[in-house]
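This report refers to the structure that appears directly beneath it.
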């Protein structure tokens, strides 16, 4: 894996740390998909279709509700040429593919990462990193035609939750 991961802006009430991140490879593919499909979102479930793979949809195509938890927001815009930022900057920044990013407040819409509340209860002690591998995932996720699939790499958190 090249570069640095992009940590999501914190969205879980009462928490001060990011629960989810993107690899530079995931950021690169997401920018390509965003250009083709418009704003995107992730939903992580424990569903039957593709196990527990994160599913990427055009924003709003998957309806979220009280049974879901917003784990983080990512800013994938490329409005400036500057480096990387932190989750506390209002929407995380990353210099990937030779460009920087603007913030959600620049008019760019953040990519939201949602998880079913039931799945969150099982994964509450883990940090999730979205990565990309070769292979075909679910036909429901927008990366499927690319011959790529998103997957989750999880690590146990070493701080109290």
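Data table
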{"quantity": "Residues satisfying the stated conditions in segment 10-28, i.e. crowded, with 21+ Cβ neighbours inside 10 Å and not in a loop (DSSP other than H, G, I, E, B)", "calculated": "20, 21, 22, 26, 27"}
{"quantity": "Residue within segment 75-92 that is touching a strand residue (DSSP E or B) at 6+ places or on another chain (Cβ under 7 Å), modelled with pLDDT of 70 or more, crowded, with 19+ Cβ neighbours inside 10 Å and part of a strand (DSSP E or B) present", "calculated": "no"}
{"quantity": "Residues of segment 62-74 satisfying the condition of being more than 17 Å from residue 12 (Cβ to Cβ) and touching a strand residue (DSSP E or B) at 6+ places or on another chain (Cβ under 8 Å)", "calculated": "62"}
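The values are calculated or read from the model by the stated rules, or taken from the named source; none is laboratory data. From a predicted model like this one, the values you see are computed outputs, not experimental measurements. Glycine gets a Cβ as well: all are built from the backbone with ideal geometry, and neighbour counts include every protein chain shown.
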